[in-house]
Structure formats: C-alpha cells, structure tokens
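Structure record follows, encoded as structure tokens.
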Amino acid sequence: MTMFDTHNPGAFTFGLLGNLVSFIVFLAPIPTFYRIWKKKSTEGFHSVPYVVSLFSAMLWIYYATMKTDVSLLITINAFGCFIETLYIALFIVYATKQARMSTLRLLILMNGGGFCSILLLSHFLAKGSNRVRVLGWVCVSFAVGVFAAPLSIVRLVIRTRSVEFMPFYLSFFLTLNAIMWFFYGFLLKDYYIAVPNVLGFIFGILQMILYVYYKNCKPLVADTKLAEDVALPDLKVDIQKLSPPPADGDDNSKTVHDKTEDHSDQTSKDDPLNKC
C-alpha cells in the first residue's frame, strides 16, 4: 500500500481539499481558547465537542488502518488528535471544578474505556471484511455525534438570542468540510465516510441560518442587565425628590406643613412633591 493512492484522481483531490479545510476547522477554536487563556475562565463554553471530536479522530485513524485507499484520513485525524488534546488540556486548566470533573469523567469513559472496548471487541469478535464493516458503522455513529455536538451551542443561541458563542466562519467551514469529505467517500464508494457528512452539511446550514437570524437581535441577557442599570438611577432620583429639604430651621418645615393643610393653589405650584 502506498501512502497516497492516486488511482482515483477525483477522490485524491477531494481528500486533499478535505485535509486543508479540516485543518482550518481544527484551528478554528484557537480564538476561543485564547479568550479562555486571557480571561482565565471557560465562561459559557463546553468541552463536549472537543472530547467527542478527539474520540472520532481516534476511531477514524483505526478505521483507516484497516483499509488500503483512505490514507488521507490518517494524516488529518492524526493532527486532529494532537490539537484536540491541547484544547481539552487548556479547558481543564481554566474550567470550574464542576466542569473540570465532568470533562475528566467524559474523557476517561469515552476516550479511554470506550475506545479500548471497541479496539478489543473488533479485534477478537470480528474478522476480515466484517471488522471493517463494524468499524465503519461505529465511525458513522460517532461522526454523527461530532456533527451533533454543536447543537448544545445552537440551544444556547436560541435561548439567549446571542451568536457570541457560535462564530459564522466556523459554521461555514464545517459545512464546507462536510461537502469535501462527502465527495471523497462517494468517489471511493466508501459510504461510511460519505453518509455522516450529509448530516454535517445539514447541521452546518442550520447553524448559518441561525447566525443570520440572530446576529442583529438584542441578547436577552443584555436586556436584563440594561433594565437593572436603568431602574436603579430612577429609584435614586425618586428618593431624592421625596427626601425633606435641607434644614433651614423649624419655621420652614412648619410653613410647608401649614400651607399643605390650607390646600392653597400657590402651595400646589411650589410644593416639590407635586413635581414628581
């Protein structure tokens, strides 16, 4: 087996383009993690997409070693394993205790226990073409998980009416990535690669539609904060107006009291309370 089989020029071309786009997608979270590093907080970001993406990359490498014509899967997923590991490590460093423990549990169960179980079961219980078939369906399942993982961010966008945590360029490159790998799998007649990217394309389009719809909306969280900021000064002004005037002597207070009881028109005009 050669490292890059070029007997199918179309598939080879889409594989190279898929590597290029996937490389950009893997680097896309860098601004997010720079923000996490700078603020020393993970804020509203979640670790699930990165843990699932790492697991998926590990599975695709294992699947590619069972085949003879999908070497381009190995190159990009090896890089994916490296960069996703860095992201997860940085997330764990700056996450809250609860988020850190949740991430570690998921990492141990999925990337440790889960991958080892699949490796052992497929090795001892499946042989030859059956092993490739079993691994293919497992990869399809978790590829769907990778594409569905950002749905948690979609829910956050809908709830807050803010696209702060869902950059448009990331959704765009995810959609483009799905297109490249779909044609790569389709031209190789490897539908385990092609099928999940159909869902990737649909989810990518959904995210871009939501971005366009909500990009000019006023975030609900910001509205609440703004309401609080406006209410407090108004309350302060009302208290000042209702407060007694500076003491100039008891006679002034008595005069105001007498004029109020007389219900004179002049008092109605001069009384500060009537100006509120």
Item to complete: Kindly indicate which of PRO31, PRO49 is under 15 Å from the mean Cα position of the chain (by Cα), in the same structural domain as ASP190 (by TED's automatic domain parsing) and surrounded by fewer than 16 Cβ atoms within 10 Å (Cβ to Cβ).
Response: PRO31
Practice prompt. Looking only at region 11-23, decide whether some residue is in a helix (DSSP H, G or I) and under 17 Å from SER152 (Cβ atoms).
Written response: no
Practice prompt. Could you please find all residues in region 148-167 being assigned to a helix (DSSP H, G or I) and within 12 Å of the chain's Cα centre (by Cα)?
Written response: ALA148, LEU151, SER152, ILE153, VAL154, ARG155, LEU156, VAL157
Item to complete: Assess whether GLY200 counts as being under 16 Å from ASN77 (Cβ atoms), at pLDDT below 90, surrounded by fewer than 19 Cβ atoms within 10 Å (Cβ to Cβ) and in contact with a helix residue (DSSP H, G or I) (Cβ under 6 Å, 6 or more places away or on another chain).
Response: no
Worksheet item: What are the residues in region 161-191 that are hydroxyl-bearing (Ser, Thr, Tyr), closer than 12 Å to LEU210 by Cβ and surrounded by fewer than 21 Cβ atoms within 10 Å (Cβ to Cβ), if any?
Response: SER162
Discussion item. Could you go through region 54-67 and let me know if any residue there is closer than 21 Å to VAL154 by Cα, free of Cβ contacts under 8 Å to residues at least 12 places away in the same chain and surrounded by fewer than 20 Cβ atoms within 10 Å (Cβ to Cβ).
Written reply: no
Practice prompt. Go through region 117-153 residue by residue and tally those that are without any contact (Cβ under 8 Å) to a residue 24 or more places away in the chain and of a type in the set (D, E, K, R).
Written response: 2
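The values are calculated or read from the model by the stated rules, or taken from the named source; none is laboratory data. Since the model is a prediction, treat every value here as computed from it, not as a measurement. Heads up, the Cβs are rebuilt from the backbone with ideal geometry, glycines too, and the neighbour counts pull from every protein chain shown.
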